[in-house]
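**Student:** The structure under discussion is supplied below as structure tokens; questions concerning it will follow.
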Amino acid sequence: MSAAALRRLAGARGRPTSDAQENTNDPGLEKTPGAYDDPERRPLGERCLLGFGSTSGPPALPDYFYNNLHQIVQTPNAVMILTEMVHDARIVRMNAQHLPKSIRLWMGDSVGHWEGDTLVVDTTNFTDKTRFRGSTENLHVVERFSRLDDRTLLYRFTIDDPATWEKSWTGEFAWPATNDKIYEYACHEANYSMVDILKGARERDKEQAAAKSAK
């Protein structure tokens with residue numbers, strides 16, 4: 001990561017993003033002032049807007065716990081990639097041009113083409129609300145989907161953002177086929193956790209105020 005990116009991360013005061021990591025040293029409570037004053041200050045996954053970590057992609061990374069299945073649907077003009085976690089669906093427009101830079105999307109603007117038997121997906125036009133691992137809205141992701149065998153896809157991705165990393169980097173892992181069902185992740189339905197999180201923070205505010213006045 002570049003020196004400029006490290007300074008940017010050290011001074012970040014924005015809203016937590018979909019890949020913001022939990023602080024395991026603080027049992028359920030962030031110490032950032034105002035972190036629980038507004039639901040829009042909560043991480044995107046907690047608000048059911050995008051998957052946790054970078055499950056929604058790109059790059060689409062596993063969370064190592066559950067809901068790691070994907071479904072790919074191909075039509076003559078587009079490819080849809082459905083991620084089980086938080087029901088994210090990406091639409092890859094085939095053989096198309098990228099949208100104008102003024103149009104920024106949660107998961108970027110994905111266009112695809114075939115190189116032999118490999119599906120290549122080029123994604124730009126990210127929003128600064130996601131910031132994959134501290135990246136900027138100028139993040140550029142190239143994904144390659146190729147078959148290892150009849151029941152295994154090789155998922156390979158290359159990350160580039162000169163404002164964040166000193167050079168591009170690449171990762172890959174296998175997507176095995178499965179006969180298991182993909183379940184709906186109805187995150188918004190009865191999302192009482194958000195209400196309870198904010199209520200708990202207000203109770204903490206009262207306890208802290210009482211403790212301060214008692215001194």
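What follows draws every value from the coordinates through simple rules; no lab data is involved. Everything numeric in this text was worked out from a predicted model, so none of it was measured. Ideal geometry is used to build each Cβ from the backbone, glycine not excepted, and the neighbour counts take in all protein chains shown.
**Student:** Any chance you could count how many residues in the stretch 47-81 are under 16 Å from residue 112 (Cβ atoms) and either more than 9 Å from the chain's Cα centre (by Cα) or among the β-branched types (Val, Ile, Thr) (or both)?
**Tutor:** Counting residues in the stretch 47-81 that are under 16 Å from residue 112 (Cβ atoms) and either more than 9 Å from the chain's Cα centre (by Cα) or among the β-branched types (Val, Ile, Thr) (or both) gives 11.
**Student:** Let me ask something else about it. Considering only residues that are in contact (Cβ under 8 Å) with a residue 24 or more places away in the chain and exposed (fewer than 13 other Cβ atoms within 10 Å of the Cβ), look in the stretch 153-172 and name the one that is nearest to residue 112 (Cα to Cα).
**Tutor:** Filtering the stretch 153-172 for residues that are in contact (Cβ under 8 Å) with a residue 24 or more places away in the chain and exposed (fewer than 13 other Cβ atoms within 10 Å of the Cβ), the one nearest to residue 112 (Cα to Cα) comes out as 171.
**Student:** In the stretch 111-127, what residues are buried (at least 19 other Cβ atoms within 10 Å of the Cβ) and under 22 Å from residue 48 (Cα atoms)?
**Tutor:** Answer for the stretch 111-127, where residues must be buried (at least 19 other Cβ atoms within 10 Å of the Cβ) and under 22 Å from residue 48 (Cα atoms): 125, 126.
**Student:** Can you name the residue in the stretch 74-99 that is out of contact with any Ser or Thr (no Cβ under 8 Å at 6 or more places or on another chain), touching a residue at least 24 places away in the same chain (Cβ under 8 Å) and assigned to a loop (DSSP other than H, G, I, E, B) and is also surrounded by the most Cβ atoms within 10 Å (Cβ to Cβ) among such residues?
**Tutor:** Per the criteria, the residue is 84.
**Student:** Which condition from (1) touching a Gly at 6+ places or on another chain (Cβ under 8 Å); (2) closer than 24 Å to residue 145 by Cβ is the one that residue 87 breaks?
**Tutor:** Looking at each condition in turn, residue 87 falls short on (1).
**Student:** Additional query: Could you list, in sequence order, all residues of the stretch 100-124 that are of a type in the set (A, V, I, L, M) and either in contact with a helix residue (DSSP H, G or I) (Cβ under 9 Å, 6 or more places away or on another chain) or part of a loop (DSSP other than H, G, I, E, B) (or both)?
**Tutor:** Hits for the stretch 100-124 are 103, 107.
**Student:** Further question: Pull up the stretch 179-202, narrow it to residues that are of a type in the set (D, E, K, R) and farther than 15 Å from residue 38 by Cα, then point me to the one that is nearest to the chain's Cα centre (by Cα).
**Tutor:** 184
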